[in-house]
Each structure stands twice: as structure tokens, then as C-alpha cells.
Amino acid sequence: MIKSKIHLLFVLLCASLSTFAQVSSFQVSSPEEQGISSESINVFITSLEKNIHTVHSFVMLRHGKLVAEGWWNPYKSENPHTLWSLSKSFTSAGVGFAVQEKLLSINDRVISFFPNDLPKDPSDNLKNMRIKDLLTMSTGQRRDALPAMINPADNNPVKAFLALPVEQKPGTLFIYNTGATYMLSAIIQKVAGQKLVDYLKPRLFDPLDIKNPQWAEGSGINWGGYGLAISTEAIAKFGQLYLQKGIWNGKRLLAEDWINQSSAKQVSNGSDPLGHWDSGYGFQFWRNPKYGYRADGAFGQFCFILPEFDMVIAMTSGTSDTKGIMDIVSDNFLPILNKEKLSEEPAAWTRLKNKLASLSIPPAAGNISSPIAKKVLRKTYQLDNIEFGPKAVTFSSNKKINTIVFQTQNGSEKIISETGKWRTAETSLHPTLASFTDTKQKLSSSSAWISEDTLELDLLYIETEVMIKLFFKFEADKVSISGDRNVNFGATKLPVIKGIVKNK
């Protein structure tokens, strides 16, 4: 009887794992088989939900096996996600491939690649700047070069970079410099005759089965330091390649020596009171203070590579509390892992499986309608804003469905949302709500009346970190619109704008 129960539990566990495996290209294992209790992953997820606003996804690998992965609805496994500075580590890999193909050396002088873009009288420090100095963020420039490169007068970011003063001897001072990573991308394009994303395709993306990588450009060159968009599973594959010292499916892709150099402390990056950014910098990788190293992007995009645990954790997020994520990983989760496999815990695994299946970012919460809802239907409100963007807004509803049409200076966009549920569609409306993008973006929306006179509209750009909450407060023939953006490099609070019914 006992044996039959154990056999039944085992069959159920295998069935659960089989379902799990259908959405992943990794070989799947129970957490316990790899020395991780299912309950500890449950606690890990609960800590993220309680303390971080918000995590979008994670993929967890140990000993090369997938032990858990999850996406918070409406984020999906198939969606790419903007990586921000996590892109830098992929650029580093591109340099590694160019080195092993003898297209360049890390000791090559930067100016040697751009003889036609040099200032009239290059300084000795500029002349002595090497590719290695770009890789280690020790160019000798005392500030990030990127702002000067975004919209240069002659549309030449390379020339703008080379024109900046190089006050310090290259290789002696760490200053985080996204402009330096652009220069790495530009150098690869020079020596390879193709853009970085295209150069990496047969060498990295195709072997790892990373589909349709997209990389933003500046003046025809991939930005390098940011702009790459791929799936969370693709991030995990990249981390696993580095964990395996450049080997993938038994074949060497990238030299082990390059992996070792990239992940080692190449330069001191000072003393940081937050404690996660002062353990040394490699070739576009950060050293972790306790375990391993990481590729790291703004707003919580992570690839933790943890040789001490033979483990990779990939994450995407939309949070300003990136330190909080790192604390949960390094202080709360990793120390409780076991080196040996554990006894199976079918009940805990079932709880974990159910938890993973129910992950969701809460949609707008409130009432389906309001006593004043009918008074605002099919009315167009002319807006008085200049900075915010939309020139007018129109409302309509049908049961739980609210439709809001934004009119901007170059067109209109319809947002269809639902109370208590995320609805996903494509939009060309920019996250600033001020203009249109050249390509469609996936947008999930939900809405609810949070008081008698106020409608909340939540917008998630689910291939990015962006979440916007808008609040429409109605009074007679007027509307006041306020809002917040979850994260930003500048202000997160949107300016309040007012509107009045047009053609009353």
C-alpha cells in the first residue's frame, strides 16, 4: 500500500514536470533532485512579491537543469524584454569572438579604428586608450560619454566620443561609461563588416537557439551598452554558456580564457555604500560581493552566474529596487542551498507548481462602473497640456470593458481595457503617451472605477520595464488626469493635465 502511494506520487510528479518541460528548451528536473527544496523557491517568490515592485519573470537553472521558471501575467515566456545594460555583457561576448578570430586584440588602440573621426590634436591619453580600457570602463574620461553621443551635431557618435577630454591615464580610473560600450560595438562593426547583432547571430544566438534578437541602433551602429531585447530563457542560456566556460551542447563556442578574463576583477570600482557595486568590474560584467558575477541592467534585469553553486538565475523586472533583488538572491536564497540532492517533496512541489501557474501582476482593482460613468461616455475632452502629449481623450464603455481613445498631434490610439483582467493588444502609442513609435509594441491594460468620480487605467508595456497608472477624475464637464510611471531615469510622476468637454 505504501509502495503504491509512493509510486502514484512519483507518477504525478513526473506528469507535472512533463507539463513544465513543454515551455522550455532546458532539461527539466525537480528542485530537490538538484539540492533545492521546492519550499525555498516558494519563499523566494513570496519575498520578491512582498518586497519588490515588480518582478516580471525568472528562470532558475542548477547543474544545467531547469528547476523553476515563472512569468507574472501578462508577461509571457515568449515575449522579449528590454535588457538595458545587461546588453553590455553580450557586447563583451562579441569582442571575445572577435579576439579568438584574430580580428582584433584587447591591446589595440581605439583611435586606430577611426582615423577619420579624430579630433585635430588628439591627446596622449586618447592615443593610449585601448579596447581593454573600453571593456573595463576605465577610458580615462571622468564622466559617461553617452549623453554627448545621443544626438551629436553631425550624427556621428564615434566622433563625439573621441572629441571628449580624456583627463585620466586610461586603465587607472573606473567610471561607468555606456558610451565606451557603444565604441566596442562600433569597433566590431568596423572589423567584421556587419552590425554587432548580425555578427553574434551565427556565433552566439543561433547555437543557443535565441530567436529574433532585436538591438536598437544609433547612427547605424547597435548601441552595445543597451537596446538588446530577448526572452528571459535566452538570458538564462547566455548565463549557462558562461557558467560552462564557453561550451554549449558539447561544442566550444567561446574561449575559456575569455570567460575567465570577463568574469574576473579587472579593475577596482571604488567603495559603494549599497554593497553590490564595489566588488570589482570585469569585461562588462559585475563581480558579486559574495558569490559569482552577474550581467546587470537598469530596473532589475539580471543574469546571475554563480559557479559556487553551479547555478544561473535570469530575471526581468520593472523596479527601482535592484539592490533588494540582489539581497534576496545573495542573502536569503543562496545560503540555504544544498550540495547534495534532497528527498522529493511532492506536496511542496505541487504548491510551487500552482504558485508558478498563478503568478500575476494585480490588474486595476475597483468597480466595473460608477454612477457618473454614463455622463462621460462618448464625450471628447480637449486637453490643455503641452508637455504630457495627448491633445484629447474620449471615453466609452460596455459592461466590464472601457475604451479610451487618445488623440495626439500625429494620430489617435484606442486602448481597450477590462476591470479585474489584463487585455493584451498591440499599440504604436509611445510609453510617454505623447507620440507614436515606428513599430507596434505589446500593451496590456486594465481599468476600474476606484471611486465614484475616478477611473484608473493601468498600462503595461510587456516587452519593456514600463508600467503606467493613469487616474481620470471627472467633475461636471471637466477631467483632470494624473499619473505615475513605475520607473524612469528622471521623474516618475506625470504632470497633471486638465480637459474640458469639446463641443458641449
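The values are calculated or read from the model by the stated rules, or taken from the named source; none is laboratory data. Bear in mind the structure is a predicted one, so any value in this text is a computation, not a measurement. Every residue, glycine as well, gets a Cβ built from its backbone with ideal geometry; the counts of neighbours run over all protein chains shown.
Here's the yes/no breakdown for (1) in contact with a strand residue (DSSP E or B) (Cβ under 9 Å, 6 or more places away or on another chain); (2) assigned by TED's automatic domain parsing to the domain that holds N42; (3) under 16 Å from N222 (Cβ atoms); (4) modelled with pLDDT of 95 or more:
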{"residue": "W72", "(1), (2), (3), (4)": "yes, yes, no, yes"}
{"residue": "A93", "(1), (2), (3), (4)": "no, no, yes, yes"}
{"residue": "P115", "(1), (2), (3), (4)": "no, no, no, yes"}
{"residue": "D124", "(1), (2), (3), (4)": "no, no, no, yes"}
Q.
With the requirement that a residue be part of a strand (DSSP E or B), of a type in the set (D, E, K, R) and farther than 29 Å from L86 by Cβ, what does the stretch 450-478 give you?
A. E456, K473, E475, K478
Q: Being outside any loop (DSSP other than H, G, I, E, B), out of contact with any Lys or Arg (no Cβ under 6 Å at 6 or more places or on another chain) and of a type in the set (F, W, Y) narrows it down to one of W277, W258, so name that one.
A: W258
Q) Name the residues in the stretch 126-157 that are over 15 Å from V110 (Cα atoms) and either outside the structural domain of N177 (by TED's automatic domain parsing) or part of a helix (DSSP H, G or I) (or both), would you? A) L146, P147, A148, M149, I150
Q: Tell me, please, whether a residue that is farther than 19 Å from T380 by Cα, acidic (D, E) and out of contact with any strand residue (DSSP E or B) (no Cβ under 7 Å at 6 or more places or on another chain) can be found in the stretch 413-426.
A: no
Q. Cβ-Cβ below 6 Å, separation at least six or inter-chain, first residue in the stretch 31-45 and more than 11 Å from A68 (Cα to Cα), second surrounded by fewer than 18 Cβ atoms within 10 Å (Cβ to Cβ) and among the polar types (S, T, N, Q): which pairs?
A. G35/N338
(Q) Name the single residue that is modelled with the highest pLDDT among those in the stretch 386-399 being in contact with a Lys or Arg (Cβ under 8 Å, 6 or more places away or on another chain) and surrounded by fewer than 19 Cβ atoms within 10 Å (Cβ to Cβ). (A) T394
**Q.** Members of the stretch 95-105 that are within 27 Å of the chain's Cα centre (by Cα) and either among the hydroxyl-bearing types (S, T, Y) or surrounded by fewer than 24 Cβ atoms within 10 Å (Cβ to Cβ) (or both)
**A.** F97, A98
**Q.** Complete set of residues in the stretch 448-472 that are under 12 Å from V487 (Cα atoms) and either among the hydroxyl-bearing types (S, T, Y) or not assigned by TED's automatic domain parsing to the domain that holds N488 (or both)
**A.** T464
Q. If you check K469, K502, K493, K478, which single one turns out to be in contact with a strand residue (DSSP E or B) (Cβ under 9 Å, 6 or more places away or on another chain), of a type in the set (K, R) and surrounded by 15 or more Cβ atoms within 10 Å (Cβ to Cβ)?
A. K469
Q. For the stretch 326-381, how many residues meet the condition of being within 25 Å of I52 (Cβ to Cβ), surrounded by fewer than 17 Cβ atoms within 10 Å (Cβ to Cβ) and among the acidic types (D, E)?
A. 1
Q: Taking only the stretch 88-140 into account, find how many residues are of a type in the set (S, T, N, Q) and closer than 26 Å to F205 by Cα.
A: 6
Q: Return the pairs, sorted by first residue and then second, in which the second residue is small (G, A, S), the first residue lies in the stretch 98-119 and is assigned to a helix (DSSP H, G or I), the beta carbons are less than 9 Å apart, and the residues are 6+ apart or on different chains.
A: A98/A192; V99/S105; V99/A255; Q100/A255; F113/A186
Q) If you check K3, K50, which single one turns out to be modelled with pLDDT under 95, out of contact with any strand residue (DSSP E or B) (no Cβ under 8 Å at 6 or more places or on another chain) and basic (K, R)? A) K3
